Amino acid sequence: MAEAPQEYAIRVRDLVVGFGRQIVIDHLSLDVRKGEILGLVGASGGGKSVLMRTIIGLIPRRSGDIEVMGKPIGDTLDRSTQSAATKWGILFQQGALFSSLTVRQNIQFPLRENLVLSQELMDEIATAKLEMVGLRPQDGDKYPAELSGGMTKRVALARALALDPPILFLDEPTSGLDPIAAGDFDALIKTLQRTLGLTVFMVTHDLASLTTVCDRVAALADGQIVAIGPMRQLLQSEHPWVRAYFHGKRSQMLQPQMR
């Protein structure tokens, strides 16, 4: 029985994205279910981040349809896209914190842009978000240059959650972290997803994250989704790139957990 459209947080249909003569996304279709963590994998430069940025309206598309929480998303700078932006939070690969602002001010930035709140209330919200991601209230006084890699990711996550969005986009969230910090961050994402009922769209190449965090995994190759499903299903895929990715030398040490 087919799932009802309202069960989907994100729907992409026949999407085409290109730069000049190069087609990066080629008539791609994808559904992301409400409340799941979907991991997106693909070759370096294969279009993973392009797909994510197109969905949130940062990159224009040549054709195709995108819906978020049942609402059609227009192209870049479209009013419908700007309105829908409050429905998602974004954690970019390097955190993308404003270096001249304190941690607290970084978290408050989306609040200032979208709401009219007193400074006292914004301070309370920032403190709550810091605690939500495992940081101390006094960390709010620090500047990005004073943070470790793991703390930077957590502050960026707190900012992404500032408006209590139902959808969270993560672009290589564990990139640059050591294995312990990456594992802790994965556990935090899973806890927040379960506690807040979030839908998480996660671009990653981290096999450990795919195995321990994701409900489903989508593989992007040749501009299209060539396989999607739970990890055990992708391990059975006959697509050449998928087999090379999940059965290569680097993945062999994770095979017991992946199965």
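Assorted remarks:
- Considering only His247, Pro60, Phe19, the residue lying farthest towards the positive end of the dipole of the chain is His247, judged by Cα position with unit charges set on Cβ.
- For the chain, the longest principal axis of the C-alpha atoms and the axis of helix 119-132 are separated by about 50°.
- In this label model, Phe98 and Ala145 are separated by 1.7 nm, measuring between points 7 Å along each Cα→Cβ vector.
- As a ratio to 2.2 N^0.38 Å, the alpha-carbon radius of gyration computed for the chain takes the value 1.01.
- Relative contact order for the chain: 24 percent, from Cα pairs under 8 Å spaced at least 6 residues apart, divided by residue count.
- Computed [θ] at 222 nm, deg cm²/dmol, the chain (DSSP H ≥ 4; -39,500 (n - 2.57); rounded to nearest 500): -10000 deg cm²/dmol
- Cα-centre dipole for the chain with unit charges at Cβ (Lys and Arg positive, Asp and Glu negative), debye to 20: 420
- Residues with amide H under 5 Å from that of Arg33, placed H, sequence gap 5 or more: Ala9
- Springs between Cα atoms under 10 Å define the GNM used for the chain, and in it the highest mean-square fluctuation of Leu161, Leu198, Leu101 occurs at Leu101.
- Degrees between helix 103-114 axis and first principal axis of the chain (Cα, 0 to 90, nearest 10): 80
- Centroid-to-centroid, using Cα positions, the stretch 138-172 and the stretch 197-249 are 26 Å apart.
- For the stretch 9-114, the Cα gyration tensor yields ellipsoid semi-axes of 25, 17, 14 Å (square root of five times each eigenvalue, largest first, whole Å).
- Vicinal HN-Hα couplings computed from phi for the stretch 198-215 (Karplus, 6.51 cos²θ - 1.76 cosθ + 1.60; Hz; Gly/Pro x): 6, 9, 10, 10, 10, 7, 7, 10, 7, 4, 5, 5, 4, 6, 8, 10, 7, 6
- With θ taken as phi - 60° and the Karplus curve 6.51 cos²θ - 1.76 cosθ + 1.60 applied, the whole-hertz 3J(HN,Hα) list for the stretch 140-149 is x, 7, 7, 9, x, 5, 8, 9, 6, x Hz, x standing for glycine and proline.
- Max mean-square fluctuation residue, GNM over the chain, Cα-Cα springs under 10 Å, options Glu120, Glu36, Glu67: Glu120
Where a number appears in this text, it was derived from the coordinates with a stated rule and is not lab data. If you're wondering where the values come from, they're calculated on a predicted model, not measured in any experiment. Using ideal geometry, Cβ is built from the backbone for each residue, glycine included, and neighbour counts are taken over all protein chains shown.
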